[in-house]
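The values are calculated or read from the model by the stated rules, or taken from the named source; none is laboratory data. Values in this document were obtained by computation on a predicted structure and should not be read as measured data. Side chains included, ligands, DNA and RNA excluded: accessible areas come from the protein's heavy atoms. Shrake-Rupley method; radii C 1.70, N 1.55, O 1.52, S 1.80 Å.
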Amino acid sequence: MHEMGIASSVLDAVRVEAGRYPGSHPSRVGVRVGEWSGVDRESLQFCFEALVTGTDLAGLLLSIDYRERRNRCGRCSEEFAVRNYETRCPQCGSDFTTAIGGTELDIAFVELEE
Ligand SMILES: [Zn+2]
């Protein structure tokens, strides 16, 4: 389950961020998870909670910003959500489309309290 490693990396980043502001306490961390990032949201939430319980970060909340897969058409520039692996442009029918979102896996924000 690689979500455990991801949750661990997120917590490392939170500790680094909190360390820059002595006396602060992290209350929430936001993570962007793309539909095609290969990350299971429920597993990530579960691993995150398992890792913070009983530690100095207990009570820290995880906000997952889920990003659906989106493509842009190379012919008509239409941007659309990809459903059922259908990457053809719904506007003009072109097969020439490229991914513009949905593979994100990064930290969006860390909220700190005094
Ligand atoms: Zn098109």
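Here are the numbers for the structure shown:
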{"read-out": "Residue 33 long-range amide H proximity, modeled H, under 5 Å", "value": "65, 66, 67"}
{"read-out": "Solvent exposure, largest accessible area first (probe 1.4 Å, DNA, RNA and ligands not counted), of 60, 105", "value": "105, 60"}
{"read-out": "The chain: angle of helix 3-19 to the longest principal axis, Cα-based, in degrees nearest 10", "value": "60"}
{"read-out": "Segment residue 98-residue 111, length gained on full extension (0.36 nm per residue, minus Cα span)", "value": "1.3 nm"}
{"read-out": "Folded to 0 to 90 degrees: helix 41-52 orientation relative to the chain principal axis, Cα", "value": "10"}
{"read-out": "Helix-only [θ]222 nm of the chain, DSSP H runs n ≥ 4, -39500 (n - 2.57) each, per residue, nearest 500", "value": "-8500 deg cm²/dmol"}
{"read-out": "Residue 109 long-range amide H proximity, modeled H, under 5 Å", "value": "30"}
{"read-out": "Dimensionless Rg over Rh [the range 3-113; C-alpha; Kirkwood]", "value": "1.14"}
{"read-out": "Potential lengthening between residue 4 and residue 46 on full extension [0.36 nm per residue; Cα-Cα distance subtracted]", "value": "14.2 nm"}
